[in-house]
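Q: Let me give you the structure first, and then I'll get to my questions.
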Amino acid sequence: MYRMHPLIPDDYIFVDYNSGDVRYRVKFPEIQGRAAETFLRTKIGLTDTVYSLGIANPGAVRLHNFPRSLQRFERDGEILDLSVVDIVRTRRRGVPRYNDFRVALHMPRIRRFEDLTTDPTTLARLRELYPSVDRIDTVVGLLAEDPPTGFGFSDTAFRIFLLMASRRLQCDRFLTVDFRPEVYTPLGMDWIERGSMAGVVLRHCPELGRAVGSGKAAFAPWR
């Protein structure tokens, strides 16, 4: 369910946190893998890197938005199209097609392509590729589905997201039976109680106080 590659942009802008001036415009391959540390550490620095990513917008988790860089992704000398890999893997692993997947979640089947999306481009492509709605691949249906108002991705994907996120918490002993001072120490428990993602950012980059603010929501829009 965590097929969220569309979040990754192809283009990145790194700016000076103090002035806002653009320092570098780069493509994803220039800052991923082995190239990342050299570029970010020697050319950008931690503060400008964190600030630039903090004010950037991710891509929408939708169809027609898969990063071009990941459609020709080089790994160990091999060129991969990860958009194809996503579909092939789900088929080989026997993941039910989108409609059957919804039924397994006690959700109603869709009867028409229009039940999935209102986007005319997507509707045309789905009709071209699939003989019926029952043949739509799950990963395609999840990205094609019109999300509810205010949602970052589809309702069907969100239901699995809730199950997996809660299960991850329930299965982690450090968040359940061992979440106690005897394991974390009283100081550690105090850090957890008082700490936040914003606090982590400011601990390492105090210069960003005016951008992140003093609240706990580091994932809220930065100034």
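Q: Against the definition (assigned to a helix (DSSP H, G or I), without any contact (Cβ under 8 Å) to a residue 40 or more places away in the chain, closer than 21 Å to GLN71 by Cα and not β-branched (Val, Ile, Thr)), how does ARG168 come out, yes or no?
A: No, not satisfied.
Conditions (1) at pLDDT below 90; (2) more than 30 Å from ARG203 (Cα to Cα), marked per residue:
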{"residue": "LEU53", "(1), (2)": "no, no"}
{"residue": "ARG75", "(1), (2)": "yes, yes"}
{"residue": "TYR98", "(1), (2)": "no, yes"}
{"residue": "LEU105", "(1), (2)": "no, yes"}
{"residue": "ARG109", "(1), (2)": "no, yes"}
{"residue": "PHE113", "(1), (2)": "no, yes"}
{"residue": "PRO120", "(1), (2)": "no, yes"}
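Q: Now for a different question. Within region 179-223, work out how many residues are within 15 Å of TYR51 (Cβ to Cβ), among the aromatic types (Phe, Trp, Tyr) and either surrounded by 15 or more Cβ atoms within 10 Å (Cβ to Cβ) or modelled with pLDDT of 95 or more (or both).
A: Total satisfying the criteria: 1.
Q: Same structure, new question: At least 1 residues that are surrounded by 15 or more Cβ atoms within 10 Å (Cβ to Cβ) and β-branched (Val, Ile, Thr) in each: list the helices (runs of 4 or more DSSP H) lying fully within region 1-92 that qualify.
A: Passing ranges, in order: 46-54, 82-92.
Q: While we're here: For a quick check of your reading of the model, give me the residue pairs whose first member lies in region 57-71 and is free of Cβ contacts under 8 Å to residues at least 40 places away in the same chain and within 14 Å of VAL84 (Cα to Cα), whose second is part of a helix (DSSP H, G or I) and aliphatic (A, V, I, L, M), with beta-carbon atoms closer than 9 Å and at least 6 apart or on different chains.
A: What qualifies is GLN71/LEU82; GLN71/VAL84.
Q: For region 58-66, check the following and say yes or no: at least one residue is touching a strand residue (DSSP E or B) at 6+ places or on another chain (Cβ under 8 Å), at pLDDT 90 or above and aromatic (Phe, Trp, Tyr).
A: no
Q: Now for a separate question. Which residue pairs have Cβ atoms closer than 9 Å, lie 6 or more positions apart in sequence or on different chains, and pair a first residue in region 74-98 that is over 30 Å from ARG111 (Cβ atoms) with a second residue that is of a type in the set (A, V, I, L, M) and part of a helix (DSSP H, G or I)?
A: Every condition considered, the pairs that remain are LEU80/LEU70; ASP81/LEU70; LEU82/LEU70.
Q: Of the residues GLY152, GLY141, only one is part of a loop (DSSP other than H, G, I, E, B) and surrounded by 11 or more Cβ atoms within 10 Å (Cβ to Cβ); which?
A: GLY152
Q: Name the residues in region 1-27 that are in contact with a Leu (Cβ under 8 Å, 6 or more places away or on another chain) and either over 21 Å from ALA211 (Cβ atoms) or not assigned by TED's automatic domain parsing to the domain that holds SER69 (or both), would you?
A: Answer for region 1-27, where residues must be in contact with a Leu (Cβ under 8 Å, 6 or more places away or on another chain) and either over 21 Å from ALA211 (Cβ atoms) or not assigned by TED's automatic domain parsing to the domain that holds SER69 (or both): MET1, ARG3, HIS5, PRO6, ILE8.
The values are calculated or read from the model by the stated rules, or taken from the named source; none is laboratory data. These numbers were taken from a predicted model, which means no experiment stands behind them. Don't worry about glycine lacking a Cβ; one is built from the backbone with ideal geometry, like all the others, and counts go over all protein chains shown.
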